1. What are the membrane-span-like helices in the chain by this rule: whole DSSP H runs, Cα extent along the axis at least 15 Å, mean Kyte-Doolittle hydropathy at least -1.0?
2. Work out the P(r) tail for the chain: percent of alpha carbon pairs separated by more than 24 Å, whole number.
3. How big is the dipole moment of the range 3-97 about its Cα centre under a simple scheme where the beta carbon of each Lys and Arg is +1, that of each Asp and Glu is -1, and everything else is neutral? Debye, nearest 20, please.
4. Toward the positive end of the charge dipole of the range 47-99, about the Cα centre and with charges on Cβ (Lys, Arg +1; Asp, Glu -1), which of VAL47, PHE96, ILE84 goes farthest?
Amino acid sequence: MDAVGKMTEKNADEDEMLKWAKGYATKQGWTLNTDEKQLSTVIRGLVRNKKKFGRLYCPCRLRSGDEEKDLAIECPCMYHKDEISQDGHCHCNLYFKTG
C-alpha cells in the first residue's frame with residue numbers, strides 16, 4: 001500500500017472512531033470536545049491503541065500491562081461518568097457535560 005492508501009485507511013479509521021464516540025456521547029446526553037485539535041488527538045490515540053493492543057484503551061492513561069486491570073481504562077473508562085459529573089468532562093477531554 002502506498003502513502004496515499006495508508007492515509008485513506010487512517011482517515012477512515014479515525015472517521016469511524018469519531019462516529020462511535022459521537023454516538024456514545026449522544027446516547028449519554030453529552031457532547032464531544034469542540035476543540036478540533038484536542039478531539040483529533042484523542043481520536044487518533046484511540047485508533048492507535050485499538051490497532052496496537054486490540055482494545056480502545058484511553059490514550060490519556062497509562063496501561064499497566066495487566067489485561068484484567070487495564071479493562072478499567074478501556075474507553076469509555078470506568079472513571080468517565082464520575083469525572084463528567086464532577087468536572088464537566090472526562091480526563092481525556094473527549095466527553096463533556098451538556099449545558
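Here, each number is a calculation from the coordinates, and none is a lab measurement. Remember, it's a predicted structure, so these values are computed and weren't measured experimentally. Methodologically, a virtual Cβ is constructed for each residue, glycine included, from the backbone with ideal geometry; neighbour enumeration extends over all protein chains shown.
1. Helices meeting the criterion: 36-53.
2. 22 percent
3. Computed about the Cα centre, the dipole is about 200 debye.
4. The residue sitting most towards the positive pole is VAL47.
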